[in-house]
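The values are calculated or read from the model by the stated rules, or taken from the named source; none is laboratory data. Please read all numbers here as calculations on a predicted model, not as lab measurements. All Cβ positions, even for glycine, are placed from backbone atoms using ideal geometry, and neighbour counts span all protein chains on display.
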């Protein structure tokens, strides 16, 4: 087994351990919160017998250890419980929310990561030029702008041309592919642009500084001494070592972004994971919240693991 | 016919605040094919700048004047594109501290083979073959090709760097302090390796160092630089045993010698600031033999072994 494979296995092990601990923590957290599923505000005028019966029905009269075991047992069956709000399975609601968040994630975050990185690297190559100063200034401006404010600006400025809420027009009559596609594209435009602008800043800045550092490395001089052209020096020699911090930032960003953009989704009423979180919080919908937290935790852990793997692939020194 | 011909080379480093440092102040230097030349001088005297300029590798904030002809190609005037075709194929370079000079994320073999393919000297397969060959040439096993730089010791890395540098069969090899950061035994091995490669491949070797011992052992001709100019140039044996320029004399006396009981002298003062104009001989303020004539910059005079010193030409040096 190579050093790399060993490294990846070790990281997989620790990722699984962290996931287990995080899931256990969310179990403890939600039981440590004041109040449980059955209290008088939720079931007014209940007799003690009725309360007892309900507690039994929901299994919360059992010892904590048993509950803990049952919790994992139902997790293994994909059962996240029923939402307090609409008595629907949490898993189903969550999956719909995730399905709505994914296009935003791809069109907003992923594209911004790629564009931001390209812009940052180009800016770093021409350090001090007018283009570099323009790009860096723009990235700084976007980075320091509160996202909810940026979202509102977009709504105010562009909602004449693009719808500012929802994923689709509920009154759309034409069900042809192109009509539906255009409608969806119109709806996703503003939130996706908003997320892209928000994510662009940090990536352009990190890519720029990391590229500057890499360009100053001695091996870049070696590459130039070898007669390589600029493009090869900038991308294959310098960027190849500058990419590591960008990978770290990308996996962190993606891990959290898949949990939804609470602010952006709220402003644009985009029914993704972020909006689901807001709704669950305001309805004190614990099962739903627990499901969302579980999902975010696991995706953060998964993306971190992915980041570790990519590091090991990109930099042979990491596995040492 | 010289393989490297530098004429009237000037280099200025421009600072963002508008000032500039005149790092190389008019250097003429011709290197014959197969010649082994040592460039000696203290830190900041322009040695490294000189050889970087010779390959057209100075950073963008440097301005260069003069002429550098490498193997018939004008490196400075024919534009970056033609300068690129000269690099590595006609002149290659070994840097100090090979740890950082090798790309940490590519295998050593790729780093040796890539330039050959890039300069269209041979196919990828032939380049692999040649990689094995040059690794053997520098005394490394072929398996090193599969390793990453961080898996090699300092000496092995410098050997790999040298293998890389000779792979494209250049005619000139610049070595910029190739043995710093290595232990003494390895230093000697690397020195010997460079010497024997230069002999076997008919390679002109330009050795930049402040290690006088290395120059004494591995070069036939020595050039001494001070404050961006050449102050002495001659056969190594003569320069080291019968130095002509007062600076060379003091430099040699300032070098510790094992088994000889003599006081170690230091040269008073410090090298001149390069961001201010220097008139006359740059060494005059520190020179024990300085007199009125030194206010004018001395030319290099002599036959075969030249030095730039008024006191010397006027017979004032004992």
For this session: Of the conditions (1) more than 14 Å from chain B (Cβ to nearest Cβ); (2) more than 11 Å from the chain's Cα centre (by Cα), residue A:314 clears all except one; give me its number.
Result: (1)
Seminar exercise, completed: If we ask which residues in segment A:222-250 are over 19 Å from residue A:312 (Cα atoms) and more than 9 Å from chain B (Cβ to nearest Cβ), their number turns out to be 4
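Table: residues versus (1) part of a helix (DSSP H, G or I); (2) at pLDDT below 90.
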| site | (1), (2) |
| --- | --- |
| B:134 | yes, no |
| B:144 | yes, no |
| B:158 | yes, no |
| B:164 | yes, no |
| B:180 | no, yes |
| B:192 | yes, no |
| B:197 | yes, no |
| B:213 | yes, yes |
| B:224 | no, no |
Seminar exercise, completed: Of the residues in segment A:52-63, those that are closer than 18 Å to residue A:32 by Cβ and surrounded by 12 or more Cβ atoms within 10 Å (Cβ to Cβ) come to A:55, A:58, A:59, A:60, A:61, A:62
For this session: Count, please, the residues in segment B:115-127 that happen to be surrounded by 12 or more Cβ atoms within 10 Å (Cβ to Cβ), within 14 Å of another protein chain (Cβ to nearest Cβ) and free of Cβ contacts under 8 Å to residues at least 12 places away in the same chain.
Result: 2
Exercise. Just for segment B:128-180: of the residues that are closer than 12 Å to residue B:110 by Cα, touching a residue at least 40 places away in the same chain (Cβ under 8 Å) and surrounded by fewer than 22 Cβ atoms within 10 Å (Cβ to Cβ), which one is farthest from the chain's Cα centre (by Cα)?
Worked result: B:147
For this session: Among what's in segment B:36-67 and is within 11 Å of another protein chain (Cβ to nearest Cβ) and part of a loop (DSSP other than H, G, I, E, B), pick the residue that is farthest from residue B:202 (Cα to Cα).
Result: B:61
Exercise. Quick check: anything in segment B:22-32 away from chain A (no Cβ under 14 Å), part of a strand (DSSP E or B) and either more than 19 Å from residue B:232 (Cα to Cα) or out of contact with any strand residue (DSSP E or B) (no Cβ under 7 Å at 6 or more places or on another chain) (or both)?
Worked result: yes
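Could you check, for segment A:39-48, whether at least one of its residues is modelled with pLDDT of 75 or more and part of a helix (DSSP H, G or I)?
Residues of segment A:39-48 that are modelled with pLDDT of 75 or more, as a first pass: A:47-48.
Among the residues that remain, those that are also part of a helix (DSSP H, G or I) are: A:48.
Yes, segment A:39-48 has at least one match.
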Problem set entry | Whichever residue in segment B:272-296 is modelled with pLDDT of 90 or more and touching a strand residue (DSSP E or B) at 6+ places or on another chain (Cβ under 8 Å) and, among such residues, is surrounded by the most Cβ atoms within 10 Å (Cβ to Cβ) | B:283
For this session: Could you tell me whether any residue of segment B:69-92 is under 30 Å from residue B:19 (Cβ atoms), within 19 Å of the chain's Cα centre (by Cα), within 14 Å of another protein chain (Cβ to nearest Cβ) and part of a helix (DSSP H, G or I)?
Result: yes
For this session: Starting from residues that are touching a residue at least 12 places away in the same chain (Cβ under 8 Å) and within 7 Å of chain A (Cβ to nearest Cβ), keep the ones in segment B:98-114 and report whichever is farthest from residue B:205 (Cα to Cα).
Result: B:105
For this session: Quick one: which residue in B:52, B:9, B:40 is in contact with a helix residue (DSSP H, G or I) (Cβ under 9 Å, 6 or more places away or on another chain), at pLDDT 90 or above and more than 25 Å from residue A:223 (Cα to Cα)?
Result: B:40
Exercise. In the list B:269, B:213, which residue meets the criterion of being without any contact (Cβ under 8 Å) to a residue 24 or more places away in the chain, surrounded by fewer than 20 Cβ atoms within 10 Å (Cβ to Cβ) and within 30 Å of residue B:63 (Cβ to Cβ)?
Worked result: B:269
